[in-house]
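The values are calculated or read from the model by the stated rules, or taken from the named source; none is laboratory data. Everything numeric in this text was worked out from a predicted model, so none of it was measured. Note that we place each Cβ from the backbone using ideal geometry, even for glycine, and neighbour counts take in every protein chain shown.
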Amino acid sequence: MTIAQPINPLALIGFGEAARAFVAGFGNNRPAQLQSFDRKTTMAATRAGIEAAFGAHGVTGAPGPAEALAGAQLALCLVTADQALAAASAAAPHLPRGCWWFDGNSCAPQTKQQAAEIITRAGGRYVDMAIMAPVHPGGIEVPICLSGPDADTAAAVLRSLGFSPQPVGAQVGAASAIKMIRSVMIKGIEALSAECFLAAHRAGVEAQVLASLGASDPALNWPARGAYNLERMLLHGARRAAEMREAVRTLQGLGLPAGMSAACVDWQESLAALNLATDDRVLSTLAKRILAALDKQPAAARATPPGSN
């Protein structure tokens, strides 16, 4: 399908890492008017940073969802998992009839279905959009799955902007199920990395543990992967924890136990709470810094280790 007219204006609900990566990747497909509302502009501590990001990307910042959605043909909702339903509810009264609502948040199928009901009732066209890999370095070429009654048409709409989406079914929740179940493994491995490599560093056997892992799976660069996993948790642990709560909900909805994913939430939150965001990619250095920060926590916090709740 060919889109006869360019999408304009385009609304961005949430202007974090994903939204910025996509805007930067639009290139010649960039809509003439980009409008965004991010709830962080309502908070004194984060307002300046978001407003600076608007300016750097040539996006018009809006004081609320009504202004961001004014006249919009398409909205990309890219907030944290715990804010997805709130964003849909806040947007619904202001959604132009027929506006596409691409829900790119990392949520359980049940959450997406609730959001779809809100948006559809308001006259919008809801699409379950699952972003299947980090937006850096993938950018606009990152793998994306789409599902819902209009998934095939929605895929054509996204392609007109430069995306490469894959429709995976007509049921809202199909795309997010793929994403959430994948996250059980990806975010779970990150949490295991923290538990394994912090313990190895503290015990003074990091080199031996890495050598043993390398012997078991020589195709994987364990020091590099371990450092990457720790760095991701430090930088995005709060967002990952919110996503893993949705993964727990996904598993429970399938009638399966979710204890490991629930423990993953604790590890992700614990590292994010250290406020040690860094681009350091040396495993031993990261482990040393994390352990030092953990040791400074109050005794009560250290008495209940991540995953024990």
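Checked against the criterion of being of a type in the set (D, E, K, R) and farther than 18 Å from residue 291 by Cα, segment 221-229 has at least one qualifying residue. Being under 23 Å from residue 270 (Cα atoms) and buried (at least 20 other Cβ atoms within 10 Å of the Cβ) holds for only one residue in 203, 227, 238, 199, and it is 227.
In the set 115, 130, only one residue is in contact (Cβ under 8 Å) with a residue 12 or more places away in the chain, assigned to a helix (DSSP H, G or I) and surrounded by 23 or more Cβ atoms within 10 Å (Cβ to Cβ); that residue is 115.
Would you be able to say whether some residue in segment 141-149 is aliphatic (A, V, I, L, M), modelled with pLDDT of 95 or more and within 14 Å of the chain's Cα centre (by Cα)? Looking through segment 141-149, at least one residue is aliphatic (A, V, I, L, M), modelled with pLDDT of 95 or more and within 14 Å of the chain's Cα centre (by Cα).
A quick yes/no check of all residues on (1) crowded, with 21+ Cβ neighbours inside 10 Å; (2) aliphatic (A, V, I, L, M); (3) touching a Gly at 6+ places or on another chain (Cβ under 6 Å); (4) over 21 Å from residue 106 (Cα atoms):
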residue	(1), (2), (3), (4)
9	no, no, yes, yes
16	no, no, no, no
19	yes, yes, no, no
33	no, no, no, yes
42	no, no, no, yes
56	no, yes, no, yes
60	no, no, no, yes
72	yes, yes, no, yes
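Hey, could you check segment 43-94 for residues that are of a type in the set (D, E, K, R) and in contact with a strand residue (DSSP E or B) (Cβ under 9 Å, 6 or more places away or on another chain) and say which is farthest from residue 15 (Cα to Cα)? Checking each candidate, the answer is 67. Residues in segment 229-266 that are small (Gly, Ala, Ser) and touching a residue at least 12 places away in the same chain (Cβ under 8 Å): 237, 238, 241, 242, 247, 253, 261, 262, 263. Being surrounded by fewer than 22 Cβ atoms within 10 Å (Cβ to Cβ), touching a residue at least 24 places away in the same chain (Cβ under 8 Å), in contact with an Asp or Glu (Cβ under 9 Å, 6 or more places away or on another chain) and outside the structural domain of residue 251 (by TED's automatic domain parsing) is a property that residue 162 has.
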